[in-house]
Amino acid sequence: MKWKECKNLICCDLKRLENHSWGGVAYFFTNASFKITLTFRLGSYLKTKKGLFFRFLYLLVFMLHKHYQYLTGIQLSIGTRVGKGLAFSHFSCIVINSNCTIGDYCTIFQGVTIGSVRGPKGGVPHIGNNVVLASGAKIIGNVKIGNNVMVGAGAVVVDDIPDNAVVAGVPAKVLSYNGEFNTKLYLQ
């Protein structure tokens, strides 16, 4: 990853937040969502660099990221493949598997689990662009979630979800195909 790409990811994450004045300085000190995404982005950038100076910086950012993980209850490993515009609307009890992929402009609420399954049918989720994961949603196993998908509160997703779907229930079922309209409500 190049610095320009990392900077772009950080700017897109910041733009998802309201009232981002002073270039994000105020949000770094006050907004838990931005703290975790900023240290995640910087750590992911530094992890790819070689040299003693970058290793030292990575160690500092890694420790700060771990502190914010414990503080917020968001388990997001450095190096996870996450697109631009990541936002945690509320935090606590969020677990994201380090091998999953998350597309651009994903909104994650509290209590969400994006987890793997072991065995012959195992794997990790692949989440598309403009996806909203509401409170308590669970995305489990080798599933593909399309673009513009709204996953309802408490839903358990164990099967693939098509583009523009709104899903809810245990196991999750498609309720409508108004996902594009519903996910736009969460984009700032």
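Each value in this text was obtained by applying a stated rule to the coordinates, not by laboratory testing. All values derive from a computational prediction rather than experimental measurement. Cβ sites come from the backbone with ideal geometry, for glycine too, and all protein chains shown count toward neighbours.
Summary table
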{"read-out": "Lys pairs, region 81-184 - Cα-Cα below 17 angstrom, 8 or more residues apart or on other chains", "value": "4"}
{"read-out": "With Cα atoms, 0 to 90° folded angle of helix 32-47 axis to the chain main axis", "value": "70 degrees"}
{"read-out": "Rounded, prolate or oblate (a/c below 1.5 giving rounded, otherwise prolate when a/b exceeds b/c) for region 110-153 by Cα gyration tensor", "value": "oblate"}
{"read-out": "Using alpha-carbon coordinates, inclination of helix 3-15 to the longest axis of the chain, degrees", "value": "60 degrees"}
{"read-out": "Cα centroid of region 46-61 to Cα centroid of region 121-163, whole Å", "value": "33 Å"}
{"read-out": "Segments 55-67, 158-170, 133-145 sorted - mean Cβ within 10 Å per residue, highest first", "value": "133-145, 158-170, 55-67"}
{"read-out": "Size of charge dipole - the chain - debye, nearest 20, with Cβ of Lys, Arg +1 and Asp, Glu -1, no other charges", "value": "780 debye"}
{"read-out": "Reciprocal of mean inverse Cα separation for the chain (Kirkwood radius, Å)", "value": "16.8 Å"}
{"read-out": "Length-normalised contact order of the chain in % [C-alpha pairs under 8 Å, at least 6 apart]", "value": "13 percent"}
{"read-out": "Rounded tilt (10° steps) of 52-72 against the dominant C-alpha axis of the chain", "value": "50 degrees"}
{"read-out": "Global form of region 135-188, assessed from the alpha-carbon gyration tensor, a/c cut-off 1.5", "value": "prolate"}
{"read-out": "Over the chain: helical MRE at 222 nm, DSSP H runs n ≥ 4 each giving -39500 (n - 2.57), nearest 500", "value": "-10500 deg cm²/dmol"}
{"read-out": "DSSP bridge pairs, region 137-188: antiparallel proportion in percent, nearest 5", "value": "40 percent"}
